[in-house]
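Novice: Structure incoming, see below.
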Amino acid sequence: MQRMFETLDDVRNDLKRQLVRAAKDRRHAMHTPCVVTSDVDARTMVLREFDGDAWTLRFHTDNRAPKVAAIEADPRMAVLLYDKGAKIQVRLRGTGRIVREGEVVDRAWASSINFAKRCYLGEGPGAASEESTSGLPPEFEGVEPTDEQVIPARPNFAVLLFDIAEADWLYLAHTGHQRAQFARSGDQWESGWISP
């Protein structure tokens, strides 16, 4: 029987390509994975970048969000990605880091449009309200602020870096599923096929 993925290197290289594409293409099925923190809370986040050399995912977050405290208390995390069209599920385990200052944060902030930056102007995520609210200041509801108006938002912006330690890859096929696991050991990866 011919398999779509013949070797573990095929799988690892395809996974790397998919993560690069998912971060760059908002229409890619893996662009908005489920991110789980150690407090067993899950949420959908936008994948902003994949560093294929470091095997690190980059997400943006509000510095005041409850997940920030959870990650800083216990950095263990998981990320679940699924591409229905390709029939591939990827489960990642690793650790998260909240970065508030430095080149990676400055670059991420600079590359964001003001319409996105305005999300960091209002109340922090989880703030109680008497009525339904976007959390945005009223003057920015549906309005893109100027460069000057988003300056106060910058201290609320942070980057979440997720360092991948393990990957569980599953390909669903009517001819027979395939599953592989990868685990990082220093700069090296150990890998193997397992039963789906």
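The values are calculated or read from the model by the stated rules, or taken from the named source; none is laboratory data. This is a predicted model, so every value here is computed, not measured. For neighbour counting, all protein chains shown are included, and Cβ atoms are generated from backbone atoms with ideal geometry for every residue, glycine included. Note: accessible area is taken over every heavy atom of the protein model, side chains too, but ligands, DNA and RNA are not part of it. Shrake-Rupley method; radii C 1.70, N 1.55, O 1.52, S 1.80 Å.
Novice: Are any of the residues in the range 30-39 assigned to a loop (DSSP other than H, G, I, E, B), closer than 27 Å to C119 by Cβ, open to solvent by less than 40 Å² (accessible area, probe 1.4 Å) and touching a residue at least 40 places away in the same chain (Cβ under 8 Å)?
Specialist: Yes, the range 30-39 contains at least one residue that is assigned to a loop (DSSP other than H, G, I, E, B), closer than 27 Å to C119 by Cβ, open to solvent by less than 40 Å² (accessible area, probe 1.4 Å) and touching a residue at least 40 places away in the same chain (Cβ under 8 Å).
Novice: Are any residues in the range 106-123 open to solvent by 60 Å² or more (accessible area, probe 1.4 Å), assigned to a helix (DSSP H, G or I) and among the aliphatic types (A, V, I, L, M), and if so, which ones?
Specialist: Step one: of the range 106-123, the residues open to solvent by 60 Å² or more (accessible area, probe 1.4 Å) are 106-107, 110-111, 113, 115, 119, 123.
Imposing the further condition that a residue be assigned to a helix (DSSP H, G or I) reduces the set to 106-107, 110-111, 115, 119.
The one that is open to solvent by 60 Å² or more (accessible area, probe 1.4 Å), assigned to a helix (DSSP H, G or I) and among the aliphatic types (A, V, I, L, M): A110.
Novice: Same structure again: Need the failing condition index for A158 against (1) open to solvent by less than 30 Å² (accessible area, probe 1.4 Å); (2) outside any strand (DSSP E or B), just the number.
Specialist: Of everything listed in (1) open to solvent by less than 30 Å² (accessible area, probe 1.4 Å); (2) outside any strand (DSSP E or B), A158 misses just condition (2).
Novice: Would you mind stating whether W169 is open to solvent by less than 60 Å² (accessible area, probe 1.4 Å), outside any loop (DSSP other than H, G, I, E, B), touching a Lys or Arg at 6+ places or on another chain (Cβ under 9 Å) and farther than 20 Å from N13 by Cβ? Outline the logic, then answer.
Specialist: Numbers: open to solvent by less than 60 Å² (accessible area, probe 1.4 Å): yes; outside any loop (DSSP other than H, G, I, E, B): yes; touching a Lys or Arg at 6+ places or on another chain (Cβ under 9 Å): yes; farther than 20 Å from N13 by Cβ: no.
When the stated conditions are applied, W169 does not pass them.
Novice: Next question, about the same structure. Quick check on this structure: which one of G126, G135 is on the phi > 0 side of the Ramachandran plot, open to solvent by 40 Å² or more (accessible area, probe 1.4 Å) and either among the small types (G, A, S) or modelled with pLDDT of 95 or more (or both)? Show your work before the answer.
Specialist: Details: G135 fails: open to solvent by 40 Å² or more (accessible area, probe 1.4 Å).
None of the other options fit; the residue is G126.
Novice: Tally time: how many residues in the range 74-88 are open to solvent by 40 Å² or more (accessible area, probe 1.4 Å) and within 10 Å of the chain's Cα centre (by Cα)?
Specialist: Residues meeting the conditions: 1.
Novice: Which condition breaks for T61 when tested against (1) hydroxyl-bearing (S, T, Y); (2) open to solvent by 20 Å² or more (accessible area, probe 1.4 Å); (3) within 14 Å of the chain's Cα centre (by Cα); (4) closer than 30 Å to I151 by Cα?
Specialist: So the condition that T61 fails would be (2).
Novice: Being part of a strand (DSSP E or B) and either open to solvent by less than 20 Å² (accessible area, probe 1.4 Å) or under 24 Å from P155 (Cβ atoms) (or both), is that true of even one residue in the range 65-73? Quick ask: steps written out before the conclusion?
Specialist: Just the residues of the range 65-73 that are part of a strand (DSSP E or B), to begin with: none.
No.
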